[in-house]
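The values are calculated or read from the model by the stated rules, or taken from the named source; none is laboratory data. Note that this is a predicted model, so its numbers are computed, not measured. Cβ placement follows ideal geometry from the backbone for every residue including glycine, while neighbour counts extend to all protein chains displayed. SASA here: full protein model, heavy atoms, side chains in, ligands and nucleic acids out. Shrake-Rupley method; radii C 1.70, N 1.55, O 1.52, S 1.80 Å.
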Amino acid sequence: MPQQILVVDDEEAIADLVEVYLTNEGFAVRKFNSAAPALESVEAFPPGLAILDVMLPDMDGFTLCQKIREKHLFPIIMLTARVEGMDKITGLTLGADDYVTKPFNPLELVARVKTQLRRYTRYNQQYQGMPEEFDFRGLQISKSTHRCLLYGRELSLTPLEFSILWYLCEKRGQVVSSEELFEAVWGEKYLDSNNTVMSHIARLREKMDEPSRKPKFVKTVWGVGYTIEG
C-alpha cells in the first residue's frame, strides 16, 4: 500500500504539481485547499507525512501544524512563500520537521519528503521494544513507552524533541555540541549556519517550563554546546 502524503495548499496549481511529482514516486496524495477539512482527514486517516502551506484561507499553517502536533507525530514540512527567518523558527518550534520556500524545485521537495520519512522510520525502529529509561531529579523519560514526565506532569514532545532530550540524557554530564546533536538526531550533515538545534532546544525548554537564562536541566555551555548535568 503506497505511503499517504497530505498536501494542504490553497494554490491549486502548486498542489497539483506536488501531487504529480509525489505520485510519480509511488506516493498516494490527499489534497486540500484549506485547513479545516485537512484536519478532519488527519483525525480520520493519519498520513505518513504532511506538507502544509502557511497562507491558508481559514487558518494559518503554523496553527494547523500545532493542532496536528497535539495528537500526531508524523513528519510535517512547511511550504510557503514567506522567507523571514522568524517564520522558519516559528514553524520548527511548533513541531515542523522541515521548511521549504516557494518557488521550489519539485525534485528537491520530493527528496526532502523521502528524507523525513526515512528519519521517521529509523526513529520508530530505533526505539521499538527497548525498555531503557532515565529517572533523575524529577525527570522520567522512557524509550519503550515514548513518554516523558517532569515532576509527574507528562510532556507532549515531538519525535525530534524526544530524541534531543534522550540523547542529552544518554550523554548526561558531558557537553554535546550542536553539530554532534544535529547529526545524531537528524542523521544529516551539520552546517555552520544551521540554527535548527537552537530552535528545538528553545521549544523543549518552553515545554519543560525552563527559564532560558538559568535552566535546571538542559543547560547551554556557551561556545561549546548543551549539557544535562549528572
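A few points about this structure:
- Checking Glu188 against (1) in contact with a helix residue (DSSP H, G or I) (Cβ under 9 Å, 6 or more places away or on another chain); (2) free of Cβ contacts under 8 Å to residues at least 40 places away in the same chain; (3) assigned to a loop (DSSP other than H, G, I, E, B), the condition it does not meet: (2)
- Any chance Phe134 is within 22 Å of Gly95 (Cα to Cα), touching a helix residue (DSSP H, G or I) at 6+ places or on another chain (Cβ under 6 Å) and not in a loop (DSSP other than H, G, I, E, B): no
- Scanning the stretch 170-183 for residues that are in a helix (DSSP H, G or I), open to solvent by 20 Å² or more (accessible area, probe 1.4 Å) and either in contact with a strand residue (DSSP E or B) (Cβ under 8 Å, 6 or more places away or on another chain) or more than 20 Å from Leu117 (Cβ to Cβ) (or both) returns Glu170, Ser178, Glu179, Glu180.
- Qualifying residues in the stretch 206-230 (those that are in a strand (DSSP E or B) and not small (Gly, Ala, Ser)) - the one surrounded by the fewest Cβ atoms within 10 Å (Cβ to Cβ): Val221
- Complete set of residues in the stretch 45-80 that are of a type in the set (Asp, Glu) and open to solvent by 20 Å² or more (accessible area, probe 1.4 Å): Asp58, Asp60, Glu70
- Test result for Leu149, more than 19 Å from the chain's Cα centre (by Cα), hydrophobic (A, V, I, L, M, F, W, C) and modelled with pLDDT of 70 or more: yes
- Selection from the stretch 137-146 of residues that are within 16 Å of Glu210 (Cα to Cα), touching a Leu at 6+ places or on another chain (Cβ under 9 Å) and at pLDDT below 85: Gly138
- Restricted to the stretch 152-169, and to residues there that are open to solvent by 40 Å² or more (accessible area, probe 1.4 Å) and out of contact with any strand residue (DSSP E or B) (no Cβ under 8 Å at 6 or more places or on another chain), the residue that is farthest from Ile77 (Cα to Cα) is Gly152.
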